[in-house]
Structure formats: structure tokens, C-alpha cells
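**Student:** First, the structure itself, so that you have it in front of you.
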Amino acid sequence: MVDIAASTERRDGVTFVSAILTNDRTTPQRVRLESTLEPVWPPRRNGVVVPEWDGERWQGRLEPDSRRGIGFASPAATTDEPLRFVGAKRAADRARIDTQVIRSSLERWEPPAEVDGRR
């Protein structure tokens with residue numbers, strides 16, 4: 001099960017939302033959440049919205065038996081439930097994906113001409 005513990009703080013006309021997501025399952029989960037506040041001001045890195053945010057929706061990966069923090073801001077008034085759980089499903093295994101990417105890139109690989117004497 002994925003648990004959400006969210007809190008809000010209102011300062012200078014802005015509601016700051018912080019949440020801790022907990023995955024107590026033994027498998028990685030792809031979790032989808034939706035803000036009940038509109039508009040959402042998602043966090044940014046170097047001026048760019050972090051990739052997990054799309055409008056009022058957040059989607060991210062939680063590893064097995066782990067916790068992850070998320071947060072955002074909004075000019076909307078605070079509510080008791082600033083985040084709504086949309087869904088969770090088992091995420092693909094990263095190790096398997098990485099192996100497939102490496103294998104496919106190695107199948108097409110050949111040494112440079114100067115290494116194998118064709119030059």
C-alpha cells in the first residue's frame with residue numbers, strides 16, 4: 001500500500017504543501033497524485049518544472065519499502081486534503097530495463113576503424 005501524509009502552511013498569500021509518500025510494498029510502484037489546489041506552482045530546477053509534475057498531477061516512482069518527499073505551492077487557500085491519490089501500479093524493474101538498453105546498444109557496436117586495422 002502507498003500512504004500519503006501531507007501538511008500545509010499558509011504564508012504571505014501562498015499555501016506550501018509538503019507530503020511524505022510511503023511504499024510498504026515489496027515492489028517498486030508508479031504512483032499518481034493530483035492536487036486539490038489550483039493552480040499548482042510545482043518545484044523547479046534551474047528554472048524548469050521537475051519532470052514528475054504535469055499541471056496539477058504528479059507521477060513518480062517509489063522504491064520498495066521506501067519513503068519519498070514531494071512538495072509544491074499554490075495561491076489557493078489551504079484544505080485538509082491538498083493531495084488526492086489517483087492510483088498506483090507496479091513499476092518496471094530498473095535493472096531489467098538497463099540491461100535491455102545495454103544489450104541492444106552492444107549488439108550494434110563495433111570497434112573504431114583505427115582499432116581493428118581497417119584504417
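**Student:** For ARG61, are the conditions met, namely being touching a helix residue (DSSP H, G or I) at 6+ places or on another chain (Cβ under 9 Å) and either surrounded by fewer than 17 Cβ atoms within 10 Å (Cβ to Cβ) or in a loop (DSSP other than H, G, I, E, B) (or both)?
**Tutor:** yes
**Student:** Okay, moving on. Among the listed residues ALA73, ALA6, ALA88, ALA19, which satisfies the condition of being part of a strand (DSSP E or B), modelled with pLDDT under 95, hydrophobic (A, V, I, L, M, F, W, C) and surrounded by 13 or more Cβ atoms within 10 Å (Cβ to Cβ)? Spell out how you get there, then give the answer.
**Tutor:** Numbers: ALA73 fails: modelled with pLDDT under 95; ALA6 fails: modelled with pLDDT under 95; ALA19 fails: modelled with pLDDT under 95.
Unique residue meeting the criteria: ALA88.
**Student:** Could you check region 10-60 and list, in sequence order, the residues that are without any contact (Cβ under 8 Å) to a residue 12 or more places away in the chain and more than 20 Å from ALA92 (Cβ to Cβ)? Explain how you work it out, then say what you get.
**Tutor:** Residues of region 10-60 without any contact (Cβ under 8 Å) to a residue 12 or more places away in the chain: 11-12, 44-51, 54.
Those that are without any contact (Cβ under 8 Å) to a residue 12 or more places away in the chain and more than 20 Å from ALA92 (Cβ to Cβ): ARG11, ASP12, ARG44, ARG45, ASN46, GLY47, VAL48, VAL49, VAL50.
**Student:** Filter region 22-58 down to residues that are of a type in the set (Gly, Ala, Ser) and either over 15 Å from LEU83 (Cβ atoms) or in contact with a Leu (Cβ under 9 Å, 6 or more places away or on another chain) (or both) and give me whichever is modelled with the lowest pLDDT.
**Tutor:** Across region 22-58, the extreme among qualifying residues is GLY47.
The values are calculated or read from the model by the stated rules, or taken from the named source; none is laboratory data. What you see is a predicted model; the values in this text were computed from it and never measured. Please note: Cβ atoms are built from the backbone with ideal geometry, for glycine as well, and neighbour counts cover all protein chains shown.
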